[in-house]
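To keep things clear, I will list the structure first and then write my remarks on it.
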Amino acid sequence: MDIISPEFQFIDKYMSKIEYHKCNVGNRKELQFVIEKVIENLNNQKKNISICINNAGIRHNESLLSLSQEKIDSIFNVNTMSHILVLKAILKNHMEEVIPRELTNNNLFIVSVSSILGTLAPKNLSIYSASKAAIIQIHEALTQEVSHLPMIRLLLVTTGQLTTSMFGDVIPPMKFLAPVVNHIDLAKDVVCKIEKGEKGVLCAPLYANFLPIVKCLPIFMQDYCRWFSGIDTQIKENQ
């Protein structure tokens, strides 16, 4: 589901397995309608969603005071609220329709794509970081809420800068310590974990595993880490 149809071409043998649904995920009514239709059609065929990847995201380049309320709402709607709506719809259907019917394939693997900026917010990315932080907390709580259902597995993905267009204007200051993550390689890692049925958290690159520790340091050490990394100098505010 996306507002823009995919530009890449699939190998013919996969085309019959792929459905594209035009949908502005930032529009709650539109998203609700599309996801409910998809689920209803699958239920009628005695099929179910077995893998869900929540990957929608947009960003901004403004300070909090410069952001309009309209843009703030838009960022949260795409980055957070769409994620919640899809999660609730799929999980509710799985627990009420799929598991009770004891379908052969009643496993459900949910991937939530967040960002390491959800744990340490840089200057001029307050709302983006907040929207990604919400995904992290939802994953943590939801993991416990479905822990009694082993057929439902949750994977959280928190990454640094990716080789996508979203942060294409940002030049990382320390590529040796914080290399840009190839999004194709990351996608392969996600698929590998899905195939193995692994749950938990996937962090990339290496430093992303340790960045949350910075929040536990004394404030003067946090300030030093921020200065050393250059995290607050990379997002230039729109003029």
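The values are calculated or read from the model by the stated rules, or taken from the named source; none is laboratory data. Since we're looking at a predicted model, the values are computed, not measured. Virtual Cβ from ideal backbone geometry, glycine too; neighbours counted across all protein chains shown. For accessibility, only protein heavy atoms count, side chains too; no ligands or nucleic acids. Shrake-Rupley method; radii C 1.70, N 1.55, O 1.52, S 1.80 Å.
Side notes on the structure shown:
- Length released on extending from PHE33 to GLN137, taking residue separation times 0.36 nm less the Cα-Cα span: 34.8 nm
- Whichever aspartates and glutamates have a C-alpha closer than 12 Å to that of LYS71, once near sequence neighbours (fewer than 8 apart) are set aside: GLU62
- For the chain: relative contact order, % (alpha-carbon pairs under 8 angstrom, 6 or more apart): 19
- Selection from ASN93, ILE39, LEU142 lying farthest towards where the dipole of region 22-151 points positive, charges on Cβ: ILE39
- Pairs with C-alpha atoms separated by more than 32 Å, drawn from the list LYS17/LYS236; LYS22/LYS92; LYS92/LYS123; LYS29/LYS236; LYS188/LYS215; LYS196/LYS236, are LYS17/LYS236; LYS92/LYS123; LYS29/LYS236; LYS196/LYS236.
- Simple spin-label estimate for LYS71 and TRP227 in nanometres, 7 Å along Cα-Cβ: 3.0
- About the centre of its Cα atoms, the chain shows a dipole size close to 240 debye [charges on the beta carbon of Lys, Arg (+1) and Asp, Glu (-1) only; nearest 20 debye].
- Placing R0 at 22 angstrom, the Cβ-Cβ distance between MET166 and GLU237 gives a FRET efficiency of 0.80 after rounding to 0.05.
- Dipole-positive endmost among ILE110, LEU65, SER82 within region 61-130 (Cβ charges, Cα centre): LEU65
- Between HIS21 and ASN41, the contour length at 0.36 nm per residue exceeds the Cα-Cα span by 5.9 nm.
- Put simply, the convex hull of the Cα atoms in the chain casts, on average, a shadow of 14.7 nm².
- Contour minus Cα-Cα distance for GLN144 and LEU64 (0.36 nm per residue): 25.5 nm
- Among the protein heavy atoms of region 110-205, carbon and sulfur supply 60% of the accessible surface, probe 1.4 Å, non-protein parts ignored.
- Counting charges near LYS188 (Lys, Arg +1; Asp, Glu -1) among other residues having Cβ under 15 Å from its Cβ returns a value of -2.
- For region 96-177, applying the loop criterion from DSSP together with a ceiling of 11 other beta carbons within 10 Å to the trypsin sites (Lys or Arg not before Pro) yields LYS175.
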